[in-house]
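We did not get these values from a lab; they are worked out from the coordinates using the rules stated. Just so it is clear, the structure is predicted and the values come from calculations on it, not from any experiment. Cβ atoms come from the backbone with ideal geometry, glycine included; neighbour counts cover every protein chain shown.
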Amino acid sequence: MTERITLEVPASLSALPTVRLVLGGLGARLDLSLDDVDDLFLATDRLLEAALGAEDLTDFRLVCLVDESSLRITAGGFRSQRLRDQVADTPGGCIDLCLLLRRLADEVVVEEDGDGFRVVIVKHRTKPAP
Amino acid sequence: MSSREDRSANDPLDLKTPPGVPAQDPGEAEDAQAGGSGSAPAGRRRGRADADRRDQYLLRRYHLHGDRKARDELITMYLPLVRSLARRYASRGEQFDDLVQVGSIGLIKAIDRFDLSRGVELTTYATPNIVGEIKRYFRDKGWSVRVPRGLQELNIRLNKVIDELVPKLQRAPTINELAEAANATPEQVLEALETSQAYNSISLQASPDGQSGEEDAGLIDYLGGEEEAYDTMEDRTTLAGGFAKLDKRERYILHLRFFEGLTQSQIAERVGISQMHVSRLIRRSLEKLREEIGDLDNPLPPRSPDGER
């Protein structure tokens, strides 16, 4: 069964710890490893920080879908072309947002959303070795 | 020892002792603390006695006559003791120089509060003052924001638990496994992990055991076998975008994480530090990168094979 958790927090750096705690809780429910949870934290932090720098936002809106094997985080309501380019570009030779997200998450997808777009970050649970 | 020296050493009002007594050997003060004088060679005992007489003379100059130069001289003489004690704590997350500064405050307090009538050596009185000041610094300043003691303790416990679980499980533990091993709830673990970002990272410039070695010989020097990795890395395009501004350790850890694809736990094992420390270092390095180039996403173009942009 897929659970849906919606989180809306003020668009500010001070809201990131709240986002991390929620994602951490979901990661714990999914039994993600500490490394994976920390990767998710970093990926989400960097995406939201970049969004803050790229456009005027009032809130961060995140929809999290949790099923038996993965955590899917969708951050939406973005309109900035600059942010879209940063996320969607092919990774370059340096540690930019594009490369960071793709190294930290299992999947990164940019989806159209009306006039804007949303960014989907997916982390799969890796079954622990017996 | 002459009768005059005996008299001057025991009489707190004798200000006539010539200041020509040899200055104390920097390492000797702590040796005397640790080993006592009973088994020390005669030469060392004599040197120690000379140093004590000189201390007493300077302390009397300062306390009875307000001679600030005598105070300054004592401070200078005992800085090696401060450095020696600070080195013991240098691998615990604070910069060595900061610890020396803090320890110096303890030394100055000891000199200022020294009671001539008690008949104790300055080293005996100063050592616990210096160590106490350093420990207080760790307690008060190790955390960059106020973190409740319970979370601090859980954070420290988690560090140990992670170090124990990773080799045992052969993978990074889950939050639930951490909670069980640390006798905490998953929520408490998450909260403690969150607060760990508030704790200052251990500097690899610090001595690995905190007790010996040259001041500038840090853990990074113990990664000598990995030097080739840096060279390989510099042959690639990864120096673009401010990478060169990071120190060796930061470049190495970012390289392992983002170009070699190692997990934080694997990096921790390879570098010999905790997973939580790796996590903090990655964040700090990315932050430095961003500060250096302004925006991670508007970097300089990658180098071409001939090194030009």
task = Take the alpha carbon atoms of segment A:63-87, find their center, do the same for segment B:63-84, and report the distance between the two centers in whole angstrom.
result = 62
message = Just want the ordering: B:M276, B:M77, A:M1, from fewest to most Cβ atoms lying within 10 Å of their own Cβ.
response = A:M1, B:M77, B:M276
Average other protein chain Cβ within 10 Å of Cβ, residues B:180-188 = 1
inquiry  = Taking each residue in B:279-286, count the Cβ atoms of any other chain within 10 Å of its Cβ, then average. What number comes out?
reply    = 3
query = Taking each full run of DSSP H in chain A as one helix, which ones are at least 15 Å long along their axis (Cα atoms) and have mean Kyte-Doolittle hydropathy of at least -0.5?
reply = A:16-29, A:34-54
key: Relative contact order computed over segment A:21-86 (Cα-Cα under 8 Å; 6+ residues apart), in percent   = 31
query = What percent does the relative contact order of segment A:3-124 come to when contacts are Cα pairs within less than 8 Å and at least six residues apart?
reply = 27
query = For segment B:89-134, what class follows from the C-alpha gyration tensor (a ≥ b ≥ c being the square roots of its eigenvalues): rounded when a/c is under 1.5, otherwise prolate if a/b is larger than b/c, else oblate?
reply = prolate
ask   = What is the mean number of Cβ atoms from other protein chains located within 10 Å of the Cβ atom of each residue in peptide A:18-25, rounded to a whole number?
value = 3
message = Stokes-Einstein diffusion coefficient for segment A:3-124 at 10 °C in a medium of 1.306 mPa s, Rh from the Kirkwood formula over Cα pairs: what value in µm²/s?
response = 111
message = For a 24 Å ceiling on Cα separation, which of these pairs sit above it: A:K123/B:K160; B:K69/B:K135; B:K109/B:K135?
response = A:K123/B:K160; B:K69/B:K135
